[in-house]
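Report on the following structure.
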Ligand code: SAH
């Protein structure tokens with residue numbers, strides 16, 4: 001099966017079939033060549049309904065989870081988005097194809113380098129900036145952001161991220177235990193921070209100051 005056909009099936013059978021209808025997100029998922037973000041021995045599985053390993057302690061999330069998180073951020077064209085945990089760069093590419101201007105921060109320099117290369121080869125370098133560092137402190141130089149996405153499991157809400165949102169900004173993150181989290185969306189309301197629970201999920205541990213200290 002061609003990659004294009006595999007991608008069409010992925011969107012229809014894994015994403016639309018689960019009830020996600022946001023056209024901007026579906027179009028972005030159709031555009032981004034997921035196989036470009038994995039090693040060639042994983043090309044056959046690139047469009048399958050599960051996460052894929054991209055190195056020790058890192059995975060590229062299941063396609064549906066990427067789509068769900070992208071939709072949860074409620075981006076519109078030109079939205080400024082911060083991602084914590086670049087990994088392969090796939091999620092950042094999907095955000096960019098959905099119209100966002102993306103800053104993404106990665107703890108592991110070798111992964112950041114690799115992601116920069118792939119994103120450049122897809123002509124996305126002008127819409128995605130990959131930064132090295134601990135993203136639990138956010139990336140103040142680019143703040144405020146319309147939306148912030150954490151793609152590693154957090155034991156607590158990193159406070160600096162809330163401070164880097166616009167007044168109507170959204171923070172989406174997997175929050176909870178090391179092995180199992182809940183995807184949470186936070187935004188301001190009249191009383192403070194409103195929390196919505198978007199479902200159970202399983203991410204690799206977030207490291208850094210507001211992450212899991214023993215990792
Ligand atoms: N979004 C990625 C997958 C993320 S896997 C993709 O689309 O491929 C989680 C990533 O978060 C890993 O690459 C890990 O190194 C990174 N990470 C963990 N803690 C971090 C931190 N404090 N700051 C930045 N990146 C972090």
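Using only the Cα atoms of segment 1-121, build the gyration tensor, take square roots of its eigenvalues as a ≥ b ≥ c, and label the shape rounded, prolate or oblate: rounded if a/c is under 1.5, else prolate if a/b is larger than b/c, else oblate. Oblate, since a/c reaches 1.5 and b/c is not below a/b. Once the Cα atoms are used to define both axes, helix 109-121 deviates from the longest principal axis of the chain by about 50 degrees. In a Gaussian network model over the chain where Cα atoms closer than 10 Å are linked, find which of 177, 44, 156 has the largest mean-square fluctuation. Highest fluctuation among the options: 44. Within segment 126-152, name every residue whose backbone N is under 12 Å away from a label modeled 7 Å from Cα of residue 31 along the Cβ vector. Taking a point 7 Å out along Cα→Cβ of residue 31, the residues of segment 126-152 whose backbone N falls under 12 Å are 127-128. Beta-bridge orientation, the chain: approximately 45 percent antiparallel, per DSSP, counting only bridges with both partners inside.
Relative contact order of segment 1-109, please, whole-number percent, based on alpha carbon pairs below 8 angstrom and at least 6 residues apart.
Numbers: 140 pairs, mean separation 27.9, N = 109.
Worked out over segment 1-109, it gives 26 percent.
Extents of segment 170-215, largest first, come to 37, 23, 13 Å (Cα atoms, principal axes, whole angstrom).
Among 88, 168, 61, the residue with the largest mean-square fluctuation in a Gaussian network model of the chain, with springs joining Cα atoms closer than 10 Å, is 168. Quick check: the distance between the Cα centres of segment 147-215 and segment 65-81, to the nearest angstrom? The two parts, judged by their Cα centres, are 15 Å apart. For the pair residue 132 and residue 180, label points projected 7 Å from Cα toward Cβ lie 3.8 nm apart.
Under the definition of Cα pairs under 8 Å and six or more residues apart, what whole-number percent is the relative contact order of segment 63-215? Mind showing how you got there, number by number?
Numbers: 347 pairs, mean separation 30.8, N = 153.
Normalised by residue count, the contact order of segment 63-215 is 20 percent.
If R0 is 30 Å, what FRET efficiency do you get for residue 125 and residue 162 from their C-beta distance, rounded to 0.05? Each step should come with its number before you reach the end.
Values: r = 29 Å, r/R0 = 0.97.
It comes to 0.55.
Here segment 66-109 is treated as an ellipsoid with the same Cα gyration tensor; its semi-axes, largest first and in whole Å, are 18, 11, 8.
May I ask for log10 I(q)/I(0) of the chain at q = 0.14 Å⁻¹, from a Debye sum over the Cα atoms as equal point scatterers with solvent left out? Once normalised to I(0) and log-transformed, intensities are -0.78.
What does the helix-only formula give at 222 nm for the chain: each DSSP H stretch with n ≥ 4 adding -39500 (n - 2.57), the total divided by the residues, and the result rounded to the nearest 500 deg cm²/dmol? Walk me through the numbers before you get to the answer.
Working: 6 runs with 52 residues, N = 215.
Roughly -6500 deg cm²/dmol at 222 nm, from the helical runs in the chain.
Report the relative contact order of segment 127-186, percent, no decimals, based on alpha-carbon pairs under 8 angstrom and at least 6 residues apart.
Dividing the mean separation by the residue count of segment 127-186 yields 31 percent.
In this label model, residue 4 and residue 50 are separated by 2.9 nm, measuring between points 7 Å along each Cα→Cβ vector.
For the chain, modelled as a GNM whose springs connect Cα atoms under 10 angstrom apart, the maximal fluctuation among 84, 60, 15 occurs at 15.
Readers should treat all values here as calculations from the given coordinates under stated rules, not as data from a laboratory. A quick note: this is a predicted structure, and the numbers were derived from the prediction, not measured. Glycine gets a Cβ as well: all are built from the backbone with ideal geometry, and neighbour counts include every protein chain shown.
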